[in-house]
1. Please work out how much length the chain gains when fully extended from residue 353 to residue 216, using 0.36 nm per residue of separation minus the C-alpha to C-alpha distance, in nm with one decimal.
2. Provide the packing ranking of 78-91, 283-296, 95-108, i.e. peptides ordered by the mean count of other C-beta atoms within 10 Å per residue, highest first.
3. Could you tell me how many degrees, from 0 to 90 and to the nearest 10, lie between the Cα long axis of helix 2-36 and the main elongation axis, the longest principal axis, of the Cα atoms of the chain?
4. If we sort 327-334, 196-203 on the protection proxy, mean other Cβ atoms within 10 Å, highest first, what's the order?
5. With angles folded into 0 to 90 degrees, how steeply does helix 239-251 sit against the dominant principal axis of the chain? Use alpha carbons for both and round to 10.
6. On a 0 to 90 degree scale, rounded to 10, what angle separates helix 163-177 from the longest Cα axis of the chain?
7. Among 242-249, 63-70, how do they line up from the highest to the lowest mean number of other beta-carbon atoms within 10 Å?
8. Just need the relative contact order of the chain here, percent rounded to a whole number, with Cα pairs under 8 Å and 6+ apart.
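Every number in this text was worked out from the coordinates using simple rules, so none of it is lab data. Here the structure is a predicted model, which means the values were calculated and not measured. Counting neighbours? That spans all protein chains shown, and the Cβs are built from the backbone with ideal geometry, glycine included.
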């Protein structure tokens, strides 16, 4: 028995050493990638089965990395999949209907075209089929809460990425629940999944833990506080916290199996530039709150990118298939150059031979 215990202990210690070695190796490679791209700070989590690699890396002396990987980043549009997950949980409880017009839940006073506004549904919002522009005006401005909202296309006619649409759906959700976005997200996602450093609102801890963002000239533009919680872009979090959400997203935890399958179905081809189709868009689609790349090597991969100017982020999730474990990668940066590394960092972790189409879809 003693021999078995000693062998088990040695195997456990050797396993820990292997994980530490892997993490150090990947961290050094990521440090080189980030430094070449002039990214001051990057935070990364990669999971595949029981394998987990997690680190935070500073490339320059003027910024320090957290030894506990708890520096907090703006998640930008990685806010949207979290909110989509909340909406789908509400769908499962019959609190909201994906195809019921949203004006039946909340007001449409700000819309210039009321007839088109009455067509909008939660499904159109989550699949970016509302026909709305990204924003009516800067969502952090004083004018935004009362600014007119205009359509670019007729709803349900084509893909048009829109944060404004998510904000409209947020107002409906808040009206239904009688609570704020932060209260809803905390009870539905943050607390159940142990996301202790995550919030759509500014938290007191962020005074010391939220990192500053840097533009392409290397100028520090500060932490960038937002005046109000917005489901489309104000989430702040860490890579470790967000990876907990990705684990739930991957397995469908908290969702009915049918709803989970529906979320990952390619619903619409994601043509970003007013129907000026690019070659990469032959492979990129949108489901319910997430992007989907039909990849010849890796199968359907689930993704979302975040871009708040001087904060850029990305997650890539490869669901379980053909008996393989699921894989996930999430990274956050505090740099306007944060998306320049998509090709290199995804190849590092997924070992794909051809670049993911996401790289060109985001960057070109």
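1. Working: separation 137, 0.36 × 137 = 49.32 nm, distance 2.95 nm.
Separation in residues times 0.36 nm, less the Cα-Cα distance, equals 46.4 nm.
2. Taking the mean over residues of other Cβ atoms within 10 Å, the ranking is 78-91, 283-296, 95-108.
3. Helix 2-36 sits at roughly 60 degrees to that axis.
4. Ranking, from highest mean packing down: 327-334, 196-203.
5. Value to nearest ten degrees: 70.
6. Roughly 80 degrees between the two axes.
7. On the way: 242-249: 22.2, 63-70: 13.9.
Those peptides, ordered most packed to least, come out 242-249, 63-70.
8. On the way: 683 pairs, mean separation 77.8, N = 364.
With pairs under 8 Å counted, the relative contact order is 21 percent.
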